[in-house]
Amino acid sequence: MVPTPKRKHKTLTIAEKCTILDSLKDGVSATSLACKYGVGKSTITDLKKNEQKLRSFIAKTEKGPGFRKTLKLPENPVLEEALFTWFLEQRRRHIPLSGEVVMEKARFFHKKLTGSDFSASRGWLDNFKKRHGKRQLKVSGEKVSSNTEAVQPFQEKFLNEIKEKNLCPEQIYNADESGLFWKVLPDKTLASSAETSAPGSKVSKERITFMPCANSTGNHKLPLLVVGKAKKPRSFGSVKLPVHYEGQRRAWVTRDIFLEWFRGHFVPEVKRHLKKMGLPQKALLLLDNAPGHPNAEDLTTEDGNFSVLYMPPNCTPLIQPMDQNVIQNVKINYKKKLLIQMFVQQEADEALTLHDVIKSVTIKDAIFSLAQCWDHVSSSLIEKSWKPLWPEKINSTEDRSEENDDFDVEDDLPLSILRNRGYTEETISTFLSMSEEENCTDPITDDEIITQITQENDESLAEDYFASNVKKITHSQAISSLNTCLEWAEENDLSLSEKMMLRNLRDKDFFWSINRTRQTKIDQFMTK
């Protein structure tokens, strides 16, 4: 008879355990689930018994199940809660934080809370980041310097303009310029453990400016306006470009270039689109207050059907549609195409160095790649980019799309995580709100954090800590302890209550697994 192979031990993740519990509720048998996940049936049964404990743990963790396999809490939950509260407060105020700063603050809070020192090693920092889903980001953009107070008045002005001119979303456009270093390679790379450094090449300063323009539905994307330093680069030859190209000695969009683009390209192309859609020949172009934009009077047609609306200063990062991931999407895809092009050329000719490949890339190659990246920007991404400025329009679109199941609405992950963690709506608003009230909120001090944690959360955190860190006693340890107890009992006279205690212990099902010799010793002792 061929022996049955021993099943390989497998440790389920918390996410898998939740999936199993959900399947059990749907009526799936424990036997089939055990076969599917490669565990014993007893494991599935134990999961069902501990479901409440598992669900409670997940509700109190920031990242939910994640990739964790155990329910172990941090060694010092009070310190963890204080540090996480401080972390959210600093990010609410847009203060950059490094690992060293977090470690130093952990030492400070530990000293304040316990009076003892704390090393806060790199290993502890890594575990802290994993528990709370923290990662390093490059500080970018100008959102911190933005004028949030001017957003709401402009939104009202924008909606009034739409209502007065009786415009629909197809007739409302936005354009925004951005610079691109079209020969720059990524400054980060994967490397082996043997490499101590990653040598790079000289950074190219060759720059162009491109300007995407589209309507609020994303159904009409105009060809890019691209401005380079040369009037007509030699690489162009007689090729028809997929963009509107202009030359300027600094590769900037000037007022003359913008005015020519508006009259010669924007108005005619929008008219063709509106005629095709069967809509009135009028449109509104939303712009920021960049120096290269002419006055509003110069960008208004004689009949007044085509006009522009300028946003207030320092509001671009907040409500400019093209600045809400659209331009960044184009740039990211362009860099990917540039890398692929270089790899292809090196594979075709191994004698070429990286410097040779970069040098061979022309502005014509960059323009064609840029145009392809703009074509690949989805209409749904452009439509979503209008949400900060025009939330009513996007919400109504989402309501309709939910009925038709043809539009995916992105979940607000950070808020859902905080709600699962048990924070109230008031606390979430205090930490993460980007409204006008945020700028008026006094910052939470370290002493206030310590007082809040010790008064409100100390008891519940301690309960969770002790519940999850109870030392498990093995079968052999229990038997050894019982033997010690019996030896002591034989040498000392026991009272009646102590005999009854041993009798109760003996009656437990656990001790029926002890061998016959030890059971006999207990019986002899109890009959004395």
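The values are calculated or read from the model by the stated rules, or taken from the named source; none is laboratory data. Owing to the predicted nature of the structure, the values given are computational and were not obtained by experimental measurement. Virtual Cβ from ideal backbone geometry, glycine too; neighbours counted across all protein chains shown. When the accessible area is computed, the model is the full protein with side chains, heavy atoms only, and any ligands, DNA or RNA have been set aside. Shrake-Rupley method; radii C 1.70, N 1.55, O 1.52, S 1.80 Å.
Quick notes on this one:
- Residue match in the stretch 48-57 (condition: open to solvent by less than 30 Å² (accessible area, probe 1.4 Å) and modelled with pLDDT of 80 or more): no
- Residue list for the stretch 73-115, restricted to those being charged (D, E, K, R) and either open to solvent by 50 Å² or more (accessible area, probe 1.4 Å) or under 18 Å from THR454 (Cβ atoms) (or both): GLU75, GLU80, GLU81, GLU89, ARG91, ARG93, GLU100, GLU104, LYS105, ARG107, LYS111, LYS112
- Residue list for the stretch 282-296, restricted to those being in a loop (DSSP other than H, G, I, E, B) and open to solvent by less than 70 Å² (accessible area, probe 1.4 Å): LYS282, ASP288, ALA290, GLY292, HIS293, PRO294, ALA296
Condition check ((1) modelled with pLDDT of 85 or more; (2) open to solvent by 70 Å² or more (accessible area, probe 1.4 Å)) across all residues:
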| residue | (1), (2) |
| --- | --- |
| VAL2 | no, yes |
| LYS6 | no, yes |
| THR13 | no, no |
| LEU21 | yes, no |
| SER29 | yes, no |
| GLY38 | no, no |
| LYS41 | no, yes |
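- A single member of VAL253, VAL226 is modelled with pLDDT of 95 or more, among the β-branched types (Val, Ile, Thr) and under 18 Å from LEU370 (Cβ atoms), and it is VAL226.
- Every condition in (1) open to solvent by less than 40 Å² (accessible area, probe 1.4 Å); (2) under 24 Å from VAL184 (Cα atoms); (3) not hydroxyl-bearing (Ser, Thr, Tyr) is met by HIS273 except one, and the failing one is (2).
- Among the conditions (1) part of a loop (DSSP other than H, G, I, E, B); (2) closer than 22 Å to GLU170 by Cβ; (3) open to solvent by 30 Å² or more (accessible area, probe 1.4 Å), LEU299 misses just one, which is (3).
- Conditions (1) touching a residue at least 60 places away in the same chain (Cβ under 8 Å); (2) over 20 Å from GLU170 (Cα atoms); (3) in contact with a Phe, Trp or Tyr (Cβ under 6 Å, 6 or more places away or on another chain): number failed by ALA290: (3)
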